[in-house]
1. Look through Ala193, Ala123 and report the one residue that is surrounded by 14 or more Cβ atoms within 10 Å (Cβ to Cβ), free of Cβ contacts under 8 Å to residues at least 24 places away in the same chain, in a helix (DSSP H, G or I) and out of contact with any strand residue (DSSP E or B) (no Cβ under 6 Å at 6 or more places or on another chain).
2. Report yes if Ala143 is aliphatic (A, V, I, L, M) and surrounded by 15 or more Cβ atoms within 10 Å (Cβ to Cβ), otherwise no.
3. Mind checking which residues of segment 20-30 are touching a Ser or Thr at 6+ places or on another chain (Cβ under 7 Å) and open to solvent by 70 Å² or more (accessible area, probe 1.4 Å)?
4. When Asp118 is evaluated against the numbered criteria (1) surrounded by 13 or more Cβ atoms within 10 Å (Cβ to Cβ); (2) at negative phi, which criterion, by number, is the only one it fails?
5. With the condition kept exactly as written, say whether any residue in segment 137-149 is part of a helix (DSSP H, G or I), modelled with pLDDT of 90 or more and either closer than 14 Å to Val198 by Cβ or within 21 Å of the chain's Cα centre (by Cα) (or both).
6. When segment 1-19 is examined, which residues are found to be closer than 17 Å to Gly69 by Cβ and open to solvent by 40 Å² or more (accessible area, probe 1.4 Å)?
7. I'm checking my understanding of the structure. Among residues of segment 32-46 that are out of contact with any Asp or Glu (no Cβ under 8 Å at 6 or more places or on another chain) and in a loop (DSSP other than H, G, I, E, B), which one is surrounded by the most Cβ atoms within 10 Å (Cβ to Cβ)?
8. Taking the condition of being surrounded by fewer than 18 Cβ atoms within 10 Å (Cβ to Cβ) and assigned to a helix (DSSP H, G or I), how many residues in segment 150-171 meet it?
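The values are calculated or read from the model by the stated rules, or taken from the named source; none is laboratory data. Note that the structure is a prediction, hence the values are computed from the model and not measured. All Cβ positions, glycine included, derive from the backbone under ideal geometry; neighbour counts span all protein chains shown. What goes into the accessible areas is simple: the full protein's heavy atoms, side chains included, and nothing from ligands, DNA or RNA. Shrake-Rupley method; radii C 1.70, N 1.55, O 1.52, S 1.80 Å.
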Amino acid sequence: EAPFAQGPTLLRAEAAALAAFIRTLARGGERLRDPGAGFLRPSRGGDVMVLSRRLTHVGQLDEALEAQGVAFTVEGGRSFFDRQEVHEVLGVLRAIDDPGDRVAVVAALRSSFFGVSDRELGAFLLGGGRLTSRENEETLEGAPAVLPALGLLDDLRHRARRESVPLLLERLYDETRVLAAVTGGRRGESQVANLEKVVAL
C-alpha cells in the first residue's frame with residue numbers, strides 16, 4: 001500500500017491539481033452566469049481568484065500556474081516583490097534616482113530593460129568608458145549597447161524632476177519595449193501583469 005503524500009510533496013501535488021483546474025476555467029471549461037449581463041458564458045481567467053490564509057507556500061502555486069501557462073498576479077505578501085521583473089524595475093528606478101550608485105546603474109544595464117551583456121559592459125569599462133560622463137566614448141567596444149541605455153537613464157533622470165513615477169515607468173517600458181520582449185516567454189503574461197502592477201502601485 002502506497003503512503004499518502006505529505007509535506008512538500010503534498011503541497012506540490014495540491015498546487016499542480018489546482019493550477020490544472022484554473023487552466024481549464026481560464027480556457028472556457030465551464031459556463032457561468034455573467035454578473036453584469038445575466039447570461040451564461042464560458043469561464044475565463046479573470047473569473048478566478050484563489051484565497052489563502054497564509055502566503056507561506058504560495059510559491060508552489062506560482063510555479064504550478066506558470067507551468068500551466070496561466071497568467072496571474074499575487075496580491076499581498078512578499079512574493080510579488082520577489083519576482084525578477086519587479087526587482088529589475090526597482091533597480092532601474094534606483095539607478096535613475098542616484099546615478100552615483102554604480103551597483104544600481106550596472107544592475108539596470110544588465111536588466112531585461114537594457115540587456116547589456118557582461119562582455120559589452122566589461123569591454124566598455126576596460127576601454128575607459130564611464131557610467132557617468134559620456135564624452136568621446138562612441139568608438140569604444142561595447143558602446144553601441146551601453147551608451148543608448150545610459151542615455152535613456154539620463155533622460156528619465158531629467159524627466160523625474162517634473163513627471164510622476166508612473167509616467168517615468170511607462171516611458172521606460174515604451175522606450176525599451178520590455179512588455180513586448182517578455183510577452184513571448186513562458187511567464188510572459190504574468191511578467192507583463194507584474195510590471196503593470198508596479199506602475200499602479
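1. Details: Ala193 fails: free of Cβ contacts under 8 Å to residues at least 24 places away in the same chain.
Unique residue meeting the criteria: Ala123.
2. On the way: aliphatic (A, V, I, L, M): yes; surrounded by 15 or more Cβ atoms within 10 Å (Cβ to Cβ): yes.
Yes; evaluated as a whole, the condition is true for this residue.
3. The initial filter retains those residues of segment 20-30 that are touching a Ser or Thr at 6+ places or on another chain (Cβ under 7 Å), namely 25, 28-30.
Result: Glu30, single match.
4. Of (1) surrounded by 13 or more Cβ atoms within 10 Å (Cβ to Cβ); (2) at negative phi, only one is false for Asp118: (1).
5. Checking segment 137-149: at least one residue is part of a helix (DSSP H, G or I), modelled with pLDDT of 90 or more and either closer than 14 Å to Val198 by Cβ or within 21 Å of the chain's Cα centre (by Cα) (or both).
6. Let us first name the residues in segment 1-19 that are closer than 17 Å to Gly69 by Cβ, namely 15-19.
If the condition is that a residue be closer than 17 Å to Gly69 by Cβ and open to solvent by 40 Å² or more (accessible area, probe 1.4 Å), then Ala16, Ala17, Leu18 are the ones that fit.
7. Going residue by residue through segment 32-46, those that are out of contact with any Asp or Glu (no Cβ under 8 Å at 6 or more places or on another chain) are 33-39, 44-46.
Filter once more, so that each one left must be in a loop (DSSP other than H, G, I, E, B): 34-39, 44.
Details: Asp34: 10, Pro35: 7, Gly36: 6, Ala37: 8, Gly38: 7, Phe39: 8, Arg44: 13.
Per the stated criteria, the residue is Arg44.
8. Filtering segment 150-171 down to residues surrounded by fewer than 18 Cβ atoms within 10 Å (Cβ to Cβ) leaves 151, 154-155, 157-167, 170-171.
Retained after the next criterion (residues that are assigned to a helix (DSSP H, G or I)): 151, 154-155, 157-159, 165-167, 170-171.
Residues meeting the conditions: 11.
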